[in-house]
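Note sheet for the following structure.
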Amino acid sequence: MNKLEIRTELTQLSFDELNSEDKKLAQASKEALNLSHAPYSKFKVGCAISLENQIIVLGANQENASYPMCLCAEGSTLAAVATQHPNIKIDKVAIHVPLETPASPCGFCRQSFKEYETRMNKKFDYLLVGNSQVYAFHGIDTLLPLAFSSKDLID
Ligand code: THU
C-alpha cells in the first residue's frame, strides 16, 4: 500500500506587488464586473483572459431567471476565447470578485479550465483577484488535483 501526498502551492500577494502586466490583467478583470448580469445572486464575477498574442478577452457571469442556467464568468470568457480567437492559446487568467479575499473558481469552472489546458497542451497562469489580495498559481491542477481529462479517455 502506498500513501500518495498531493501538494499544492499558491502565492499570496497584494495588488501593488504585481508586475505591470499582471496589474493590467487584474484591473481588466475588475472592469469586467461591468459585464456581469447578476440580478438574482447580486454576486458579480469578472474574468479577463490574456492570449499569447497579447489580446485580452473579457467575460462575466450571466444569470438567468431559471437559476440552473446561470453561466459563470470563467465559462463565458472561455467560450468567447474559443469562438472569437480559435487558434490563439491562453496565457493567463484573472478572476475578480469584489471582496477583500479572492474567491476561487467553482468545480465546474475548474473542470472547464482543465479542458482548455488539455486542448491547448499547456498550463495557464492564474490570478485570483480580490479588493486587496491576489492569489497566483500555475496550472489548474493546483485547484483540481487528479483531474479527469480527455487523456483518461484514451489511456
Ligand atoms: N460564479 C462565477 O461566475 N464563477 C464561479 O466560479 C462561481 C460562481 C457566479 C455564478 C452566479 O452568477 C454567482 O456567481 C453566484 O453563484
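When the strands (runs of 3 or more DSSP E) confined to region 1-79 are screened for residues that are touching a Ser or Thr at 6+ places or on another chain (Cβ under 8 Å) and surrounded by 12 or more Cβ atoms within 10 Å (Cβ to Cβ), those reaching at least 1 such residues are found at 46-51, 56-60. Is it fair to say LYS89 is open to solvent by less than 70 Å² (accessible area, probe 1.4 Å), out of contact with any strand residue (DSSP E or B) (no Cβ under 6 Å at 6 or more places or on another chain) and of a type outside the set (Ser, Thr, Tyr)? Taking the combined requirement at face value, the residue does not satisfy it.
Only one of the numbered conditions (1) assigned to a helix (DSSP H, G or I); (2) open to solvent by less than 70 Å² (accessible area, probe 1.4 Å) is violated by GLU115, and that is (2).
Among all residues of region 91-105, there is none that is of a type in the set (Lys, Arg) and either within 11 Å of the ligand (Cβ to nearest atom) or assigned to a loop (DSSP other than H, G, I, E, B) (or both). The single condition among (1) within 11 Å of the chain's Cα centre (by Cα); (2) open to solvent by 20 Å² or more (accessible area, probe 1.4 Å); (3) in contact (Cβ under 8 Å) with a residue 40 or more places away in the chain that THR142 does not meet is (1). Would you check if ALA38 is within 13 Å of the chain's Cα centre (by Cα) and either within 16 Å of the ligand (Cβ to nearest atom) or at pLDDT 95 or above (or both)? Here the answer is no, as ALA38 does not meet what is asked.
Being over 20 Å from the mean Cα position of the chain (by Cα) and not charged (D, E, K, R) is the filter here, so list the residues in region 2-20 that pass it. If the condition is that a residue be over 20 Å from the mean Cα position of the chain (by Cα) and not charged (D, E, K, R), then ASN2, LEU4, ILE6 are the ones that fit. Taking ILE95 as the residue in question, decide whether it is open to solvent by less than 30 Å² (accessible area, probe 1.4 Å) and either closer than 18 Å to GLU31 by Cα or charged (D, E, K, R) (or both). Taking the combined requirement at face value, the residue satisfies it.
The values are calculated or read from the model by the stated rules, or taken from the named source; none is laboratory data. What you see is a predicted model, and the numbers here were worked out from it, not measured in a lab. When we count neighbours, we look across all protein chains shown, and the Cβ atoms used for this are built from the backbone with ideal geometry, even at glycine. Surface areas here come from the heavy atoms of the whole protein model, side chains and all, with no ligands, DNA or RNA. Shrake-Rupley method; radii C 1.70, N 1.55, O 1.52, S 1.80 Å.
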